[in-house]
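Readers should treat all values here as calculations from the given coordinates under stated rules, not as data from a laboratory. Nothing here was measured: the structure is a model prediction, and the numbers come from that model. Methodologically, a virtual Cβ is constructed for each residue, glycine included, from the backbone with ideal geometry; neighbour enumeration extends over all protein chains shown.
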Amino acid sequence: MGAYALLDHLRVMAGPAAPPAIYRALDFLVTQGLAHRLASQSTYVACMTCGAAPGHAHAFLLCQSCGRATEIEDHRVEHAIASMVGRVGFQVFGRTVEVDGLCSGCASHESVKVSTAPAPSTA
């Protein structure tokens, strides 16, 4: 959810609120490991692996059709990142992997649309 969408919800529930307050709250949640910022979409999602060690690598599957963000926890992602940065001596400040595509529900919908679409004309 974006900060301004969250602000709109807050205004309905609690009255006036300012964007800086929302951003401070979201920054706090991210710092505490309770939420993640998805840079490519300028949105925030709740952490689904809150019990994980602080600073663990985060990987998200982002559906470009319905907007769903699925957090996946796979230690192989973290190990791969550590191996890559170790080889070049890169200092890491954050590890978030965002993979764009279609979720299974949207992918099956898309395949139905593609298979029933009329063939393009060659004329």
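In plain terms, the chain from Leu10 to Phe93 could stretch by 26.8 nm, reckoned as 0.36 nm per residue minus the Cα-Cα distance. Computed from backbone phi with θ = phi - 60° and the Karplus coefficients 6.51, -1.76 and 1.60, the 3J(HN,Hα) list for the range 59-68 is 10, 10, 9, 10, 7, 7, 9, 9, x, 5 Hz; x is used for glycine and proline. Counted by neighbouring Cβ atoms within 10 Å, the residues Ile72, Ile81, Ile22 run from fewest to most as Ile72, Ile81, Ile22.
Backbone phi angles across the range 30-36, fed through the Karplus curve with coefficients 6.51, -1.76 and 1.60 (θ = phi - 60°), yield HN-Hα couplings of 5, 4, 7, x, 9, 8, 10 Hz in residue order; Gly and Pro are listed as x.
A simple spin-label model places the labels of Glu73 and Arg24 3.1 nm from each other, with each point 7 Å out along Cα-to-Cβ.
Counting charges near Cys47 (Lys, Arg +1; Asp, Glu -1) among other residues having Cβ under 12 Å from its Cβ returns a value of -1. Put a dot 7 Å past the Cα of Thr31, heading toward its Cβ, do the same for Ala80, and the two dots end up 3.2 nm apart.
Of Arg87, Arg11, Arg37, the sequence from fewest to most neighbouring Cβ atoms within 10 angstrom is Arg87, Arg11, Arg37.
Between Glu98 and Phe60, the built amide H atoms are under 5 Å apart, and every one of these is 5 or more places off in sequence or on another chain.
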